[in-house]
Structure formats: C-alpha cells, structure tokens
Amino acid sequence: MARTRNAALAAVLAESGWTQTQAATAFVRVATECGARDLTGVSRSHISMWVLGTRPSGQAPHILCETLSRRLGRRLTLADIGLTGPTGQPDGGPDWSVDPLSLLADLGSDDLDMQRRKMLAATAYSVAGLALPAAAWWEAAPAVAKGRRPTSSHQVTAEDVDELRDLTNYFSARDQQHGGGRGRRTLVRYLREEGVPLLRSRFATEDMRRETYSAVAEMTYLAGWMAFDASEHRTAQRYLTLAARVAAEAGDGPLSGHILRALAHQAVDLGHPQRALDLASASMSSDRYGQAGPRERALISIVHARALAAAGDRRGTLGAINRAERDLSHADSAEAPNRVGFFQEASLAHETACALRDLGQPRDAEAHFQRSVATRWRQLYARTHSVTLGYLGAVQVKQGHLDEACSTWNQALDAMSGIHSGRARDVIVRMQSDLSPVRQRGGRPVADLDRRAREILRAIG
C-alpha cells in the first residue's frame, strides 16, 4: 500500500527552520533526557521516512512531539504533527513517555498567562487522560529520573527541600480556609521558577534526589487540587497526572497513591465511575496504600469506597468504609505527612456520607453529614465545612424535610463568606436546582434563601 506523505509534520518541520539532520540531532538529545535509550540512534533518514508517511513506533511519536514543541515554544499535540494515537483520540490518550519536567514547565507557563489559562479552563476534561501506564513503567521511573543529566551546577540542599515543603504547607492551609480559587498563580509561579529547576540540579545523594522529587510532586499535586476545587478540571487533571509521574520518579509509593486518590475523587465528582474505580483500585496497591501511614490509608480507602459506591457496588463500599474507619482509628498525628493532616473524623464522616448518598441511602448519609458538621474545626477548614452543609441540605430536601434543608443551606451560605471555590459554587447551583420544585409552596423562607444564593453566586464569581 502506498504511503501518504505526512504534510502536517512537514509543515511543522518547515516552521521550525531545522533541516532533517538538525531535527534528528535534537530528537536524540530529547530521547536521551527522557531515558528512551532505544531511540538514540534516530538519524536524518528516520525523519525523512516519517515525513514520507512511515509512522514512528513506540515512544518515538511523543519524543518527536516534545522535540518540536521545545523548538517552537508552544505545546504541540500528536495531531499537530499528523500522528494521532492508536486510540483515535487527538492526543492518543495520556503520554507517559515524555519528560514530565518539560511538560510541567510548559503547563506552569500556561497557568500564569491569563489568556492561555482561560483556554485551558475551557478545554474538556479527558476521560482518555485517566488511563495509567503498565506496572513496568512505574518500576522503571526512578531509574529514568536518576539517569537524567543535570543542567544546573546548583547542588540541592535540605534547606531547598524544606522551603518547598513549607510553602506547600502554607498554600494547603489557605486552600482549606479560602478555596482553590485564590493563590494558585503564586504557587504555580514558585513551582515553575524554583521547584522544577531543582529537579535539573545536582544531588549529593540518592536520598536527597528522592526527597526533592517528592517535594516537587507534592507541590504539583496541590496546584492540581486547587484547580480541581476551582472547577478548572482539565488543568487539574494535567497537574495531577504530572504530579503522579514525578512522585513515581521519586519512588514515593504513598504519595503516588495519594495523587491517584485525588484523580479518582475528581472522576467520581464528574460522573466517570469506572475510570474512578480503576484509579482508586490502583491507589490501593501494596506499594501505595500498603506503604502509607494509617491516616493516609484511611483517606485512600474512603475514596475507594466512594468509587465503589459510584459504580453501584454496595457490599464493596461498606467494606471499604469499614477499612477506612479501622485505619483512622490507628492514626497517630505525629506520623502523618502534612498533606493528610486535615483528614480527621469530620473528613471521614463527610466522605462516608457521600458514598452512602450515592448508594441511595439518604437517611444514613444525613447522619454522617451531621457528624461531620459537628466535629469539624470550622475556622481551619471553612471551605469543606460550607460544602458539607450544602450536601447535608440536599439530602434533607430529598427526604422531604424542606424546613431543615433551608436552615442548613442558610448555614452553608453563611460559611461561604470569603470562600473562592468552584465546589462551593456548585453547591449553590445544586441548591437552586433542588429548590425549583418547591418554590411555589416554600413561601418566604425559600424566597429569601434563593435571593441570598444569587447574591453569593455573584460574589464567588
């Protein structure tokens, strides 16, 4: 069969100003940085064949895309160079072979530029982007990172890592209090300008390399979680996926499980139960859940329960809830990493209630939401407190308890003062939807609540 010339690739090469020999040289350099040693023999003749219509195999399309992206200073997709993936998706699904440092720096640039940030926010959440690589990829990731050549003479110190962790802890606390809609650009700027360059620096020991990679992965995770809370779901997905890659290169199983748990949580909320269950199940592996401390295991377990509930597995859900309760009962505040310090009785009750609600048990869900409200430190966790109250009102009105629901929703609106959160906004939108069938008979209380909801929606933005 005659080959069809790849006009898209030819056009991008022409735009780059490279000869095919220069493109091959740059390709080999990027392949070496990415640990794709089987591609370091690519020459001008390979580039020529690809332009003439031979499709490169394995990691080569992604390495080529990365090489040309760096040259042009913008992020290209496989579709841009005429090499759609085997799934038929424009990007061929997730790309786990390309150097995450380059992708992270580029995404950071997107997130700091307001126009590009708006474009990212409008980009659809990708179900294809939830597919995970095989176990062999995870096993090889630390060696790939260890073989990455430093491009800086700076030698990373413990103080560098402590500074990363301190800033992550600071912005995590702000997120819990005010929501993910504030402060993320500052965090991302620091991540891009200070965090990512550390990964290209020198390390005195392998332990220091792993600590640095873990610290950057956790900061990347937080940027993704803040985007998720702001309802910028495609941006969140991209940050969380990149965080998982860097955590894998750190060889940090518990952090990898924590991040996969966040991706599963997002998938549940967006209505992709099977993908959520795949991610949550992956977070439960022996090198992730199995190596985590009790508090982190409890968090991973309860999100597994939520994924099981979304998939309609009642027995599995109840078993996972029980496991999470046992894990949290063994937790010691001294052993938990800061990223799970928030996960206490109130958080477990909230997630348990969500799982029971999704199983169609509103009465049981109401009891657990009430427990969450009663046990939460409201000043420290104002954003989640407002969301819990919103969910509680929703299960109350579902049971026909309109007066109780209106009272709870008024408390939720009170708690939303100063909150900038997409999830809080979603609670209000859902509240208005739930009020629609009862507006005529609800009288003055419902009218006043509806007015307040509209005012706070305008304030949240």
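The values are calculated or read from the model by the stated rules, or taken from the named source; none is laboratory data. Being a predicted model, the structure only gives us computed values, none of them experimental. Positions of Cβ are generated from backbone atoms using ideal geometry, with glycine treated the same way; all protein chains shown enter the neighbour counts.
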task: For segment 282-292, indicate whether the set of residues that are basic (Lys, Arg) and not in a helix (DSSP H, G or I) is non-empty.
output: yes
task: Please specify each residue of segment 374-417 satisfying the condition of being of a type in the set (Val, Ile, Thr), under 29 Å from Arg441 (Cβ atoms) and touching a residue at least 24 places away in the same chain (Cβ under 8 Å).
output: Val387, Thr388, Val395, Val397
- request: Please find, within segment 96-113, the residue that is modelled with the lowest pLDDT out of those that are polar (S, T, N, Q) and part of a helix (DSSP H, G or I).
  value: Ser109
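Yes/no per residue for (1) over 29 Å from Ser386 (Cα atoms); (2) buried (at least 24 other Cβ atoms within 10 Å of the Cβ); (3) touching a helix residue (DSSP H, G or I) at 6+ places or on another chain (Cβ under 9 Å):
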{"position": "Gln177", "(1), (2), (3)": "no, no, yes"}
{"position": "Glu194", "(1), (2), (3)": "yes, no, yes"}
{"position": "Leu198", "(1), (2), (3)": "yes, no, yes"}
{"position": "Met208", "(1), (2), (3)": "yes, no, yes"}
{"position": "Ser214", "(1), (2), (3)": "yes, no, yes"}
{"position": "Ala217", "(1), (2), (3)": "no, yes, yes"}
{"position": "Met226", "(1), (2), (3)": "no, yes, yes"}
{"position": "Arg234", "(1), (2), (3)": "no, no, yes"}
{"position": "Gln237", "(1), (2), (3)": "no, yes, yes"}
statement: Among the residues of segment 179-192, the number that are surrounded by 21 or more Cβ atoms within 10 Å (Cβ to Cβ), touching a residue at least 40 places away in the same chain (Cβ under 8 Å) and assigned to a helix (DSSP H, G or I) is 3
message: I'm told Ala412 meets every condition in (1) at pLDDT 90 or above; (2) small (Gly, Ala, Ser); (3) under 20 Å from Gly183 (Cα atoms); (4) touching a His at 6+ places or on another chain (Cβ under 9 Å) except one. Can you identify the failing condition by its number?
response: (3)
message: Just the residues that are closer than 23 Å to Gly147 by Cβ, at pLDDT 80 or above and of a type in the set (Val, Ile, Thr), please, taken from segment 25-80.
response: Thr25, Val28, Val30, Thr40, Val42, Ile63, Thr67
task: Determine the pairs where a residue that is more than 11 Å from Val397 (Cβ to Cβ), located within segment 435-446, has a partner that is of a type outside the set (D, E, K, R) with Cβ atoms under 7 Å apart, the partner being 6 or more residues away or on another chain.
output: Arg439/Val446; Pro445/Cys406
- request: Within segment 1-16, count every residue that is in contact with a helix residue (DSSP H, G or I) (Cβ under 8 Å, 6 or more places away or on another chain) and farther than 16 Å from Pro61 by Cα.
  value: 3
message: Please determine whether any residue of segment 256-263 is in contact (Cβ under 8 Å) with a residue 40 or more places away in the chain, in a helix (DSSP H, G or I), touching a Lys or Arg at 6+ places or on another chain (Cβ under 7 Å) and closer than 16 Å to Leu191 by Cβ.
response: no
- prompt: Among the helices (runs of 4 or more DSSP H) contained in segment 367-461, which hold 1 or more residues that are farther than 24 Å from Thr352 by Cα and more than 23 Å from the chain's Cα centre (by Cα)?
  reply: 402-415, 422-435, 439-460
task: Kindly indicate which of Glu325, Glu296 is farther than 16 Å from Ala267 by Cβ, in a helix (DSSP H, G or I), touching a Pro at 6+ places or on another chain (Cβ under 8 Å) and not small (Gly, Ala, Ser).
output: Glu296
